[in-house]
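Below is one structure, written out as structure tokens; the observations come after it.
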Amino acid sequence: MKVTKLSERLAKVAEYLPEGACFADIGSDHAYLPCYVCLHDDKAKAVAGEVNKGPYHSAVQEVRSHELADRIDVRLGDGLMVLGADEVQQVVIAGMGGPLIRDILEQGKDKLGRVSRIIAQPNIDARTVRKWFYDNQFCLVQETILEENGHIYEVLMAEKGEPGINYDDETLQKQMWLGPFLLKENNSVFKKKWQQEKSKKESILQQMSGSKQPDQLKMKQFQKELEWIKEALEP
């Protein structure tokens, strides 16, 4: 991947950043995203955070090669700990599992005082991230699902503010899992993902029902989730 042409998932993340963004890219790897954004927007500034030394040094070289060191600060450190208080207005965390993204946000909550927008691209378990948004006064305002190189990705954008809708418990659980905007759009990639998940759930339930001491509570939850998938896949 080159800075001049991002992967489709990172291009969508970049699209969710406002003009003149002052953002942190946590787990920046080679700093492709900050470089791309700053090359296309001369008002943008970024902090590229990386916890591993190898990618950190690669990011430093990438930023220098584009003569962007005055606008992109590459820092070595864990999660949001690379930031000062009230330093950025947007945070990007892409390419990690949902539980890790949640943990990074939770552990770095004191760095989010000035942050008005969070863009997350969880590789798995987007529900965990949606729930963190909901519990921490960030309102999910946009979602995208896309397929690239045989993998399906979800990109979530949330802005500071109370959730716009009051859900009953079951509706909330369903939308946390499937994604309220994705569920409404119900495009071909969404259908493909949940068709695959439906097959997995059915297989797991069959295995659980055949065990000597099935976990009835877990089976009940899986059955409910299978119902939600079937509802979402209805024509």
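The values are calculated or read from the model by the stated rules, or taken from the named source; none is laboratory data. Please read these numbers as outputs of a predicted model, since none were measured by experiment. When we count neighbours, we look across all protein chains shown, and the Cβ atoms used for this are built from the backbone with ideal geometry, even at glycine. Just the protein is used for accessible areas: all its heavy atoms, side chains included, with ligands, DNA and RNA removed. Shrake-Rupley method; radii C 1.70, N 1.55, O 1.52, S 1.80 Å.
Would you be able to say whether some residue in region 107-116 is of a type in the set (S, T, N, Q), in a helix (DSSP H, G or I) and either more than 22 Å from Ser7 (Cβ to Cβ) or without any contact (Cβ under 8 Å) to a residue 40 or more places away in the chain (or both)? Working first, answer last.
If we filter region 107-116 for residues that are of a type in the set (S, T, N, Q), which is where we start, we get 107, 116.
Checking the rest, the ones that are also in a helix (DSSP H, G or I) come to 107.
Still in the running and either more than 22 Å from Ser7 (Cβ to Cβ) or without any contact (Cβ under 8 Å) to a residue 40 or more places away in the chain (or both): 107.
Yes: region 107-116 contains one or more residues that are of a type in the set (S, T, N, Q), in a helix (DSSP H, G or I) and either more than 22 Å from Ser7 (Cβ to Cβ) or without any contact (Cβ under 8 Å) to a residue 40 or more places away in the chain (or both).
Hey, does region 130-145 have a residue that's surrounded by 15 or more Cβ atoms within 10 Å (Cβ to Cβ), touching a Leu at 6+ places or on another chain (Cβ under 7 Å), β-branched (Val, Ile, Thr) and closer than 23 Å to Asn187 by Cα?
yes
From (1) among the polar types (S, T, N, Q); (2) over 18 Å from Gly95 (Cα atoms); (3) modelled with pLDDT of 95 or more, pick out the condition that doesn't hold for Thr4.
Only one criterion is unmet by Thr4, namely (3).
Residues in region 84-126 that are over 25 Å from Ile152 (Cβ atoms), touching a helix residue (DSSP H, G or I) at 6+ places or on another chain (Cβ under 7 Å) and open to solvent by less than 10 Å² (accessible area, probe 1.4 Å): how many?
Count: 1.
In region 15-38, which residues are open to solvent by less than 30 Å² (accessible area, probe 1.4 Å), of a type in the set (Ser, Thr, Tyr) and under 15 Å from Val63 (Cβ atoms)?
Residue satisfying the conditions is Ser28 alone.
Based on this model, can you work out whether Val60 counts as buried (at least 22 other Cβ atoms within 10 Å of the Cβ) and either at pLDDT below 95 or of a type in the set (A, V, I, L, M) (or both)?
Values: buried (at least 22 other Cβ atoms within 10 Å of the Cβ): no; either at pLDDT below 95 or of a type in the set (A, V, I, L, M) (or both): yes.
No.
Within region 214-235, restricting attention to residues that are of a type in the set (D, E, K, R) and closer than 18 Å to Lys174 by Cα, which residue is most open to solvent (accessible area, probe 1.4 Å)?
Lys220
Does any residue of region 104-123 turn out to be more than 23 Å from Ser28 (Cβ to Cβ) and touching a Phe, Trp or Tyr at 6+ places or on another chain (Cβ under 9 Å)? Please lay out each step first, then the result.
Here is the first cut: in region 104-123, the residues more than 23 Å from Ser28 (Cβ to Cβ) are none.
Among the residues of region 104-123, not one is more than 23 Å from Ser28 (Cβ to Cβ) and touching a Phe, Trp or Tyr at 6+ places or on another chain (Cβ under 9 Å), which makes the answer no.
Do we find that Asp41 is more than 18 Å from Gln107 (Cα to Cα) and open to solvent by 30 Å² or more (accessible area, probe 1.4 Å) in this structure?
So Asp41 fails the test.
What's the total number of residues in region 180-213 that are open to solvent by less than 40 Å² (accessible area, probe 1.4 Å) and more than 29 Å from Asn149 (Cα to Cα)?
The number of residues fulfilling the criteria is 2.
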